[in-house]
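Report on one structure; see the data block that follows.
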Amino acid sequence: MIVMKFGGTSVEDAKAIGRVVSIVRARAERRPVVVVSAMARVTDQLHTMANAAAAGDVDSALSLAKAMRERHQQTARRLLGKADGELYEALHESFNSLEDLLRGIAALRELSPRTTDYVLSFGELLSSRVVAAAFRAKGLPGVLVDSREVLVTDGQHTHAVPQFDETNQKMIERLRPLLEAGSVPVMGGFIGANREGTTTTIGRGGSDFSAAIVGAALGAERIEIWTDVDGIKTTDPRLCPDARRLAEISFDEAAEMAYFGAKVLHPATMIPAMEENIPVYVLNSRNPRNQGTCVRSRAPRTATRFTAIAVKKNITIVNVVAARMLEAHAFLHDVFSVLKRHQIPVELVSTSEVSVSLTVDSKLNIAGLLADLRQIAEAEAEPGKAIVAVIGENLRGTPGMLTRVFGAIADVNVRMVSQGASEINIGFVIEERDAAHAVDRLHRLLFSRRNRTTPRAKQTNAASRASAGIASLVGGAEPEHEMAAGRNGKE
């Protein structure tokens with residue numbers, strides 16, 4: 001069996017859902033389980049209406065809910081006409097419940113994490129219901145499965161942690177009989193429930209994670225992530241139009257790319273797939289004939305060590321400098337204790353005996369962090385930065401890597417460097433305004449020509465070609481004319 005996850009733009013309207021029907025029908029013999037996100041932009045709109053209600057603006061919240069109701073009803077009518085009265089009744093009841101919930105939030109002027117999860121769950125519940133009905137109307141035996149009945153989590157609302165033993169058992173008990181009967185289970189991603197049955201969510205972008213959890217529980221032969229781009233590219237095409245599709249990439253490389261800003265895949269997606277050694281395919285629902293990108297445990301070795309360039313913008317450097325008379329052995333402990341207390345995740349770190357520079361997301365409120373750091377040392381923030389990460393195979397153990405990378409951007413001011421902790425990543429921090437220029441220069445150097453995958457037995461020849469100056473190639477990358485232009489982003 002296989003798992004097929006369709007993102008927001010893949011189910012955004014009747015036309016998109018029609019494409020999903022065709023794609024799933026072509027794979028029906030492989031016994032698919034289908035996981036769907038909310039329709040494009042719906043989760044953001046649910047956030048907006050919940051916040052409006054909490055601020056007391058119930059009219060704006062209800063107006064947004066009304067527009068969302070009309071959108072889902074219109075999509076259902078275009079797919080089904082008036083054939084499925086049960087679907088229309090279910091949509092009507094769901095939106096009545098959502099509106100009642102918004103009125104309750106407005107009355108209390110309070111939006112708790114638990115209530116936030118409940119509001120956000122409507123997106124996936126609605127889209128999965130519409131898609132399942134569309135399957136039945138088009139001759140596919142679609143069966144709606146409420147994800148809250150099979151995905152068990154802890155109680156950390158808005159970022160709940162799946163409880164895998166219980167989840168695996170429930171998924172096997174609920175989904176395997178449906179597959180054996182020839183049905184196509186359809187479920188929403190991103191949502192689950194704790195042991196008491198209270199609705200939870202596993203974080204934004206968690207539909208990919210949901211698909212991987214299903215695949216791992218059922219022993220899928222492959223997990224397909226259907227998005228609106230032709231797989232994973234060598235870099236963000238918005239920054240570099242010459243970005244190329246990667247035919248294959250390793251789990252470690254894909255996870256590193258996701259961590260450093262390439263958002264085709266949710267970073268947590270790889271965990272269940274890696275543990276069960278299940279390949280993950282990133283495919284384009286608007287161009288289903290494209291082969292996309294295969295993410296597997298080990299990708300074939302290539303003539304160059306470089307795989308991709310990831311970029312993460314909106315970064316702030318926090319510099320912390322202690323007086324030299326302080327006890328140096330306690331300095332780093334004190335700094336990271338403050339970070340832990342404020343629950344601030346750190347991207348990159350550079351240290352010396354009495355100073356440390358680290359990067360954090362600029363969207364985080366770090367005023368309290370800086371205040372506490374200033375109790376133990378001098379601390380200042382430098383916003384407006386970007387992290388560039390060059391990702392590839394065994395970069396740490398290959399001589400000359402730093403020379404090649406930084407030689408390409410000699411005219412760019414590099415503020416921090418992190419290389420050595422990871423074997424597959426050279427990360428550095430620059431001014432955000434220089435990001436596009438730096439990526440373009442690096443891409444020209446590292447990925448300037450097409451290079452096919454080089455078998456392990458032919459590495460000697462590949463190395464000799466590299467020494468002859470032809471090593472600025474990327475293994476497994478396809479030329480741009482084989483790719484649909486578009487963002488390197490997640491739905």
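The values are calculated or read from the model by the stated rules, or taken from the named source; none is laboratory data. Small disclaimer: the values here were computed from a predicted structure and weren't measured. Note that we place each Cβ from the backbone using ideal geometry, even for glycine, and neighbour counts take in every protein chain shown.
Looking at Ala38, Ala16 in this structure, which one is in contact (Cβ under 8 Å) with a residue 24 or more places away in the chain, in a helix (DSSP H, G or I) and within 24 Å of Gln73 (Cβ to Cβ)? Result: Ala16 is the single residue among Ala38, Ala16 that is in contact (Cβ under 8 Å) with a residue 24 or more places away in the chain, in a helix (DSSP H, G or I) and within 24 Å of Gln73 (Cβ to Cβ). For the range 159-175, taking the residues that are among the polar types (S, T, N, Q) and either surrounded by 15 or more Cβ atoms within 10 Å (Cβ to Cβ) or touching a strand residue (DSSP E or B) at 6+ places or on another chain (Cβ under 6 Å) (or both), the one that is nearest to Ala220 (Cα to Cα) is identified as Asn168. Note on the range 339-364: residues that are crowded, with 16+ Cβ neighbours inside 10 Å and acidic (Asp, Glu) amount to 1. The condition (being assigned by TED's automatic domain parsing to the domain that holds Pro177, on the phi > 0 side of the Ramachandran plot and in contact with a helix residue (DSSP H, G or I) (Cβ under 8 Å, 6 or more places away or on another chain)) is satisfied by just one residue among Arg19, Arg41: Arg41. The requirement of being at pLDDT 95 or above, in the same structural domain as Gln73 (by TED's automatic domain parsing) and in contact with a strand residue (DSSP E or B) (Cβ under 9 Å, 6 or more places away or on another chain) is not satisfied by Asp100. When you scan the range 143-185, how many residues do you find that are closer than 15 Å to Ala132 by Cβ, polar (S, T, N, Q) and assigned to a loop (DSSP other than H, G, I, E, B)? The qualifying residues number 1.
For the residues Arg103, Arg71, the requirement of being within 29 Å of Asp154 (Cα to Cα), of a type outside the set (Gly, Ala, Ser) and part of a helix (DSSP H, G or I) singles out Arg103. Within the range 88-118, the residues that satisfy the criterion of being within 14 Å of Lys66 (Cα to Cα) and among the hydrophobic types (A, V, I, L, M, F, W, C) are Leu91, Phe95, Leu98, Leu101, Leu102.
Screening Met4 with (1) within 12 Å of Val184 (Cβ to Cβ); (2) in a helix (DSSP H, G or I) gives one miss only, at (2).
The condition of being surrounded by fewer than 14 Cβ atoms within 10 Å (Cβ to Cβ) and either at pLDDT below 95 or more than 29 Å from the chain's Cα centre (by Cα) (or both) holds for Ser63. Scan the range 33-68 for residues that are acidic (Asp, Glu) and closer than 29 Å to Ala133 by Cβ and jot them down. Selection gives Asp44 alone.
Taken as a whole, the condition of being touching a residue at least 12 places away in the same chain (Cβ under 8 Å) and surrounded by fewer than 23 Cβ atoms within 10 Å (Cβ to Cβ) applies to Leu178. Out of Leu151, Leu144, Leu179, one residue alone is under 17 Å from Phe6 (Cα atoms), among the aliphatic types (A, V, I, L, M) and modelled with pLDDT of 95 or more. It is Leu144. May I ask you to verify whether Leu369 is part of a loop (DSSP other than H, G, I, E, B) and under 21 Å from Ile315 (Cβ atoms)? It is false that Leu369 is part of a loop (DSSP other than H, G, I, E, B) and under 21 Å from Ile315 (Cβ atoms).
Any residue at all in the range 386-408 that is at pLDDT 90 or above, under 16 Å from Glu347 (Cα atoms), part of a strand (DSSP E or B) and more than 26 Å from the chain's Cα centre (by Cα)? Looking for residues that are at pLDDT 90 or above, under 16 Å from Glu347 (Cα atoms), part of a strand (DSSP E or B) and more than 26 Å from the chain's Cα centre (by Cα), one finds none in the range 386-408, hence no.
The strands (runs of 3 or more DSSP E) falling completely within the range 186-234 that include 2 or more residues that are within 19 Å of Val11 (Cβ to Cβ) map to 222-227. For the range 1-42, the tally of residues that are surrounded by fewer than 23 Cβ atoms within 10 Å (Cβ to Cβ) and hydroxyl-bearing (Ser, Thr, Tyr) stands at 2. Within the range 231-261, the set of residues being among the hydroxyl-bearing types (Ser, Thr, Tyr) and under 23 Å from Ser285 (Cβ atoms) comprises Thr234, Thr235. Of the residues making up the range 237-293, those that are of a type in the set (A, V, I, L, M, F, W, C), within 11 Å of the chain's Cα centre (by Cα) and under 23 Å from Arg19 (Cβ atoms) are Val264, Leu265.
Please tell me if Lys82 is assigned to a loop (DSSP other than H, G, I, E, B), in contact with a helix residue (DSSP H, G or I) (Cβ under 9 Å, 6 or more places away or on another chain) and over 19 Å from Thr116 (Cα atoms).
So Lys82 passes the test.
Taking helices (runs of 4 or more DSSP H) as the structural unit, those lying wholly within the range 240-359 and holding at least 2 residues that are at pLDDT below 85 correspond to 251-259, 328-342.
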